[in-house]
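S.K.: Please see the structure below; I have some questions.
Derivation of every value follows stated rules applied to the coordinates shown; laboratory data play no part. Here the structure is a predicted model, which is why all the values come from computation and not from measurement. No Cβ is skipped: glycine too gets one built from the backbone with ideal geometry, and neighbour counts run over all protein chains shown.
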Amino acid sequence: MSRIGILALLLSTAWVATAAAENNYNVLFIAVDDLRPELGCYGRSPTVSPSLDALAKHSVVFRNHFVQVPTCGASRFALLTGRSPSKTGAMGNEAMYSGKNALSHEQLPGAQSLPELFRRSGYHTTLIGKISHTADGKVYAYNGKGDGRDEVPHAWDDLATPYGPWKRGWGIFFAYADGKHREDGGGHSDLMEFTVEEDKDLPDGLMAETAIEKLKAYGKNNERFFMGLGFFKPHLPFVATKQDWEAVDAMDIQPALHGTKPNTAYWHSSGEFYKYKTDYPKTNPLAKEDQITARKAYLACVRYTDRQIGKVLSALKETGLEDSTIVVVWGDHGWHLGESALWAKHASHERALNSPLLIKVPGVTDKGSMTEALAETLDIYPTLIQLCDTKFQKTQHPLDGVSLASIVQGNRDKVRDVAVSYWRGNQVSIRDDQHRMIVEMQKGTPQKIELYDIQETPDPLENLAKEKPDVVSKLLQAAQDASP
């Protein structure tokens, strides 16, 4: 080989080594729809989450993680773009592909989304399930109409969601057994169904199998990867395997704490939940025995999804990728299980905004820890950039979050004093270490101020706004600073 050829080879080798040093880790990002912190690692008992509880022993578990918006699409828009609703006003499910904030299908100088940034850093990116709002990353309406374009342009090398007998994205999302689904025109709308024997008889089981096959391939080719794996359950309808229902049905599950409608301006009638068919009267609040049944149905779905996550994490270890892969588990928002007579998200209260966030970094979080530090979904994007030290770091818009890397690495106890969330009607919800304040901002003027002591209970029992004007003033300033 000539001197020029040798020099070129050395330079090429050096470049690869540098790139590898910059892209420090693979990323397995697991999103779970409608998952509140109903997990053993968050102190819930009885537990239905042995796989996530085991992961938590080697992760930093954020007890006080709050989403930007208590609905799927807008929460995921904030996650993927790193942009606050105070800048975008994005509150709806179609934020990714409709309206003034729709992502451009022209590649721009900076990354428009988290997976695009990793892709442009040299990662191979795979999407399985629901990471953006649609169930498979393709733009279709619930009824199947649409052009199927990428919901997040330039983000994914591989759209790998399996459809099974359900044939299309929203079919797998609203699935019942045997290829039936809520949107197939057959009138299927049962609140719960627990009939199948095998995990793979339902979509989340198929997605776990697909993720395992992808991980095996990554293990062989030694290629940096970013995998977005979005499980559907426990989102409505409550559908899981027979074994999940039987296991949870045998547990002592109590009716909802504080299960009556509170005196708050920020309440709704749980319309999505009450549209589903039940074998019991649709009263609100539900009778205690019916509350228990619905709560068990939710928990059975959590148990089912937890088992799928366990399979994927086992494959990560078996393929030799565990020591080079950051694992993030994120719930896209919380959910009320009858508390405050709510069976839903779509509210500015604590239970709708608080969701699990677990971050596992090989060699860094091995001993595991629990943190009370306030964290927002917006913080995940800059955290992964910092931990991975991605080769490409230019974003099309400034990121609005704060990196949690210093907390994950054990160097700091907190990075923010408040967590801010938003909802329709210009509602702003502010959380500090002890209180949650909800306020509606009308042209900069605060309306309907409510203040709750979260250390007493996450439920809105007593409005302390008049009793604690100093706290209101402090949080109101934060609300006004963050108001859309």
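S.K.: What ranking do Ser104, Ser324 get, fewest neighbouring Cβ atoms within 10 angstrom at the top?
M.R.: Listed from fewest to most nearby Cβ atoms, that is Ser104, Ser324.
S.K.: Could you list Phe232, Phe118 in order of exposure, starting from the residue whose Cβ has the fewest other Cβ atoms within 10 Å?
M.R.: So the ranking, lowest neighbour count to highest, is Phe232, Phe118.
S.K.: What order do you get for 470-477, 372-379 when each peptide is scored by the mean count of other beta carbon atoms within 10 Å, highest first?
M.R.: Highest to lowest by the protection proxy: 372-379, 470-477.
S.K.: When the scattering of region 425-484 is computed by the Debye formula from its Cα atoms alone, each counted once and equally, what is log10 I(q)/I(0) at q = 0.12, 0.27 Å⁻¹?
M.R.: These q points yield log10 I(q)/I(0) values of -0.24, -1.15.
S.K.: With equal scatterers on the alpha carbons only and no solvent term, can you work out the Debye log10 of I(q)/I(0) for the chain at 0.08 1/Å?
M.R.: -0.46
S.K.: A further question on this structure: If neighbour count is taken as other Cβ atoms inside 10 Å, put Met251, Met441 in order from fewest to most.
M.R.: Met251, Met441
S.K.: Over region 392-484, what is the relative contact order in percent, taking alpha-carbon pairs closer than 8 angstrom and at least six residues apart?
M.R.: 19
S.K.: So what is the relative contact order for the chain, in percent, with contacts set as C-alpha pairs under 8 Å and at least six apart?
M.R.: So the answer I get is 25 percent.
S.K.: Obtain the nm distance between the two label points defined at Arg44 and Tyr280 by a simple spin-label model: each point lies 7 Å from its Cα along the Cα-to-C-beta direction.
M.R.: 1.8
S.K.: In this model, which of Lys100/Lys345; Lys138/Lys311; Lys130/Lys311; Lys214/Lys394 are farther than 21 Å apart at the alpha-carbon?
M.R.: Exceeds cut-off: Lys100/Lys345; Lys138/Lys311; Lys214/Lys394.
S.K.: Taking the alpha-carbon set of region 172-279, what are its Rg and Dmax in Å?
M.R.: Calculated on Cα positions, Rg and Dmax stand at 18.3, 58 Å.
S.K.: Extending each Cα 7 Å along its Cβ direction at Ser269 and Lys414, get the distance between those two points in nm, one decimal.
M.R.: Taking the two extended label points, one gets 4.0 nm.
S.K.: Which GluC sites (Glu not before Pro) in region 419-478 sit in a loop by DSSP (not H, G, I, E or B) and have at most 16 other Cβ atoms within 10 Å of their own Cβ?
M.R.: When the GluC sites (Glu not before Pro) of region 419-478 are filtered for loop state and at most 16 Cβ neighbours within 10 Å, Glu456, Glu462, Glu467 remain.
S.K.: How about region 57-154: which trypsin sites (Lys or Arg not before Pro) there are in a DSSP loop, with at most 12 other Cβ atoms within 10 Å of their Cβ?
M.R.: Hits after loop and neighbour filter: Lys100, Lys145, Arg149.
S.K.: Hey, what D do you get for region 201-348 in µm²/s if you plug the Kirkwood alpha-carbon radius into Stokes-Einstein at 25 °C and 0.890 mPa s?
M.R.: Using the Kirkwood radius from Cα pairs, D works out to 141 µm²/s.
S.K.: With bins 10 Å wide starting at 0, give me the P(r) of region 336-380 over every alpha carbon pair, in whole percents.
M.R.: Answer for region 336-380: a P(r) of 20, 40, 26, 13, 1 percent.
S.K.: Could you go through region 434-447 in sequence order and give the Karplus-derived ³J(HN,Hα) for each residue, using 6.51 cos²θ - 1.76 cosθ + 1.60 with θ = phi - 60°, rounded to whole Hz, and x for Gly and Pro?
M.R.: Each residue's phi maps through the Karplus curve to give 10, 10, 10, 10, 10, 8, 9, 9, 10, 6, x, 9, x, 10 Hz.
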